[in-house]
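First the structure, in the form of structure tokens, and then the observations on it.
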Amino acid sequence: MISVLVTGSKGQLGNEIQRAAERHPDWTFHFTDIEELDITDPDAVETFLKQNAVQFLVNCAAYTAVDKAEDDAEFAMLLNAGAVDILALAALRHNIQLIHISTDYVFNGENNRAYKANDPLDPRTVYGRTKQEGEKAIHNSGKGIIIRTSWLYSVFGGNFVKTILRLSKEKDKLTVVFDQTGSPTNAKDLAVAILEMISQDHGQNRVPRYEVYHYANSGICSWFEFAREITVLSESDCTVEPVGSENYLTIAVRPRYSVMDSEKIRKDYQLKIPHWKESLKNCVSELIK
């Protein structure tokens, strides 16, 4: 029997893990959000873990509003770092394997090659710095798997894919930045990968350990290319035109380059990581239906 606690279960990834969990009817899942478990309260976390036998803890909870975080640093730090420290220490006490989801924003976005898991961190935003502090908490505990991902989207919640689908119905023309490059990631693929990691770790009786991985769908593109592919797949007549990022000023700076190297996680767990176009096609098809 495998027992898994998933925090932040109402987000994109949390919802996708709930769907992927249907493939594992013999596992026990505890899906929680703020209503069921306040991960910023150490007593609440300790009580929950004493009452429920948990072997794996997947932390999907995060403050992800990149621009808003610039003016809400205290709460962003509480959720992205303080709560992670609480979970990491609790997992250590209860011999639980923590799997924590992080982001490409912990890098400066100035690379000219795909970011590897051991590349130096250099966040340029409040959001990125709070996520870095969360990673530090796990590193300091000595146990916990960090999975950094990028450009996450899903059939759930608000995201770039759903925004482009909506706007392409409302407008004849869209302008999208062409000078920011990354690796779009379907949260459904990441959810399946996480449960496969849990299955393998449990099957091989691996003890809780510290490790850092990157997971993103294969291939790279710009936001412009991403948007254009969305309109092609949805058979929209809307025209998508490229524009420089200087035309879209944001409160928080966006990374110029967010491509993630997923080779380490692919090799360690023998994962089949789909190309972003293949995964996008599946997502758009489901959203249209």
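In terms of Cα atoms, the Rg and Dmax of the range 17-105 work out to 14.0, 44 Å. Mind pulling the angle between the C-alpha long axis of helix 83-93 and the longest principal axis of the chain? Nearest 10 degrees, somewhere in 0 to 90. Roughly 30 degrees, rounded to the nearest 10. Relative contact order for the chain: 21 percent, from Cα pairs under 8 Å spaced at least 6 residues apart, divided by residue count. Within the listed set 183, 262, 236, the residue fluctuating most in the Gaussian network model of the chain (springs between alpha-carbon atoms under 10 angstrom) is 236.
Students often get this wrong, so try it: which of (1) 44; (2) 39; (3) 50 is percent of Cα pairs over 27 Å apart as calculated from the structure shown? Identified label for the calculated read-out: (2). Computed log10 I(q)/I(0) for the range 35-174 at 0.09, 0.13 Å⁻¹: -0.33, -0.65, from the Debye equation with unit scatterers placed on every C-alpha and solvent omitted. Between 0 and 90 degrees, rounded to the nearest ten: what's the tilt of helix 42-51 against the longest Cα principal axis of the chain? Between helix and principal axis, roughly 70 degrees. Near the amide H of residue 99, within less than 5 Å, lie the amide hydrogens of 57, 58, 59, 145, all on another chain or at least 5 residues away, with H placed in the peptide plane. Listed by chain and number, the lysines placed with their C-alpha closer than 20 angstrom to that of residue 281 are 162, 169, 188, 272, 289; residues fewer than eight positions away on the same chain are left out.
May I ask you to derive the relative contact order of the range 132-289, considering only C-alpha pairs under 8 Å and at least 6 residues apart, and to give it as an integer percent?
So the answer I get is 35 percent.
For the range 187-289, the calculated P(r) over all alpha carbon pairs, in 10 Å bins from 0 to the bin holding the longest distance, is 12, 34, 30, 18, 6, 1 percent. A cut-off under 13 angstrom between Cβ atoms defines the neighbours of residue 175, and their net charge, with Lys, Arg +1 and Asp, Glu -1, is -1. The angle between the Cα long axis of helix 160-170 and the main principal axis of the chain comes to about 30°, on a 0 to 90 degree scale. Relative contact order of the range 203-289: what whole-number percent is it, with Cα pairs under 8 angstrom and at least 6 residues apart? Computed over the range 203-289, the figure is 49 percent. For residue 267, the aspartates and glutamates whose Cα falls under 15 Å of its own Cα, not counting residues fewer than eight places away in the same chain, are 196, 201, 211. Springs join every pair of Cα atoms under 10 Å in this Gaussian network model of the chain, and among 120, 184, 255 the largest mean-square fluctuation is at 120.
Every number in this text was worked out from the coordinates using simple rules, so none of it is lab data. No experiment lies behind these values; they were computed from the predicted model shown. Note that each Cβ is placed from the backbone with ideal geometry, even for glycine, and that neighbours are counted across all protein chains shown.
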